[in-house]
Amino acid sequence: QVQLVESGGGLVQPGGSLRLSCATSGFTLDFWAIGWFRQAPGQEREGVSCIASHNGNTYYTESVKGRFTVSRDNAKNTVYLQMSSLKPEDTGVYYCAAGTKCVYTDMNYWGNGTLVTVSS
C-alpha cells in the first residue's frame, strides 16, 4: 500500500527553523515527484514546494524562495523540507503528496499532515 507520513512539525518562534520529513512506502520513491502543500486556518490549500523524479528539479512558491529547501533521500524513502527564517504566515498544516509530475492536480497520494505553528 502506498503511504506517506509527515513528521517534524511543532511550535517555533519567528526566525526559527524546522525540518519536515515525508516518509514514504509502497512505491519506488525515485520514480515519483513529491510535493509539499500547506493549509492555514480559513485558507485554501496551497503548493509550497516540489521535487521532481528523475531530473530532480525543485520548485518553490514565491513566498518561501530563499528560505525553504526541499530534498530527497531515495535510499531512506524520505523527502525533507528544510524551513528557515520562519514567519507567522508560514503557520499551517503541511502535507506531502506523491504524483507523476510537480503539478498540483497530478498528485495521487497524500499524507495526513503535520502542524507547523510560528508564533512568539
Notebook entry, point to check: Here are some residues: 71, 63, 85. Which one is hydroxyl-bearing (Ser, Thr, Tyr), open to solvent by 30 Å² or more (accessible area, probe 1.4 Å), modelled with pLDDT of 95 or more and in a strand (DSSP E or B)?
Noted result: 71
Checklist line | Only listed residue being touching a residue at least 40 places away in the same chain (Cβ under 8 Å) and farther than 16 Å from residue 107 by Cα, chosen from 29, 20 | finding: 20
Item checked: Matching option when the condition is open to solvent by 60 Å² or more (accessible area, probe 1.4 Å), of a type in the set (Phe, Trp, Tyr) and either more than 19 Å from residue 61 (Cβ to Cβ) or out of contact with any helix residue (DSSP H, G or I) (no Cβ under 7 Å at 6 or more places or on another chain) (or both), among 31, 37 -> 31
Checklist line | Failed condition for residue 111, given (1) farther than 17 Å from residue 3 by Cβ; (2) at pLDDT 95 or above; (3) not β-branched (Val, Ile, Thr) | finding: (1)
Check: What pairs can you find where one residue is in the range 84-100 and within 20 Å of residue 2 (Cβ to Cβ), the other is part of a helix (DSSP H, G or I) and among the charged types (D, E, K, R), and their Cβ atoms are less than 7 Å apart, with a gap of 6+ or different chains?
Finding: 99/106; 100/106
Next item on the list: Within the range 108-117, work out how many residues are part of a strand (DSSP E or B) and either surrounded by fewer than 19 Cβ atoms within 10 Å (Cβ to Cβ) or of a type outside the set (A, V, I, L, M) (or both).
Entry: 6
Notebook entry, point to check: residue 11 is checked against (1) touching a residue at least 40 places away in the same chain (Cβ under 8 Å); (2) out of contact with any helix residue (DSSP H, G or I) (no Cβ under 8 Å at 6 or more places or on another chain); (3) surrounded by 13 or more Cβ atoms within 10 Å (Cβ to Cβ) and fails just one. What number does that condition carry?
Noted result: (3)
Note to self: Step by step: first the residues of the range 40-60, then only those that are open to solvent by less than 60 Å² (accessible area, probe 1.4 Å) and not β-branched (Val, Ile, Thr), then the one that is farthest from residue 87 (Cα to Cα). Which residue is that?
What the structure shows: 53
Note to self: I'd like the full set of residues that are under 13 Å from residue 48 (Cβ atoms), open to solvent by 10 Å² or more (accessible area, probe 1.4 Å) and not in a strand (DSSP E or B), limited to the range 88-107.
What the structure shows: 89, 91, 102, 104
Item checked: Close pairs from the range 37-48: first assigned to a loop (DSSP other than H, G, I, E, B), partner open to solvent by 30 Å² or more (accessible area, probe 1.4 Å) and polar (S, T, N, Q), Cβ under 7 Å, at least 6 apart -> 40/91; 45/39
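The values are calculated or read from the model by the stated rules, or taken from the named source; none is laboratory data. Every value quoted in this text rests on a predicted model; they were computed, and no experiment measured them. Quick reminder, even Gly has a Cβ in these numbers, built from the backbone with ideal geometry, and neighbours come from all protein chains shown. The accessibility values were calculated without ligands, DNA or RNA, using every heavy atom of the protein model including side chains. Shrake-Rupley method; radii C 1.70, N 1.55, O 1.52, S 1.80 Å.
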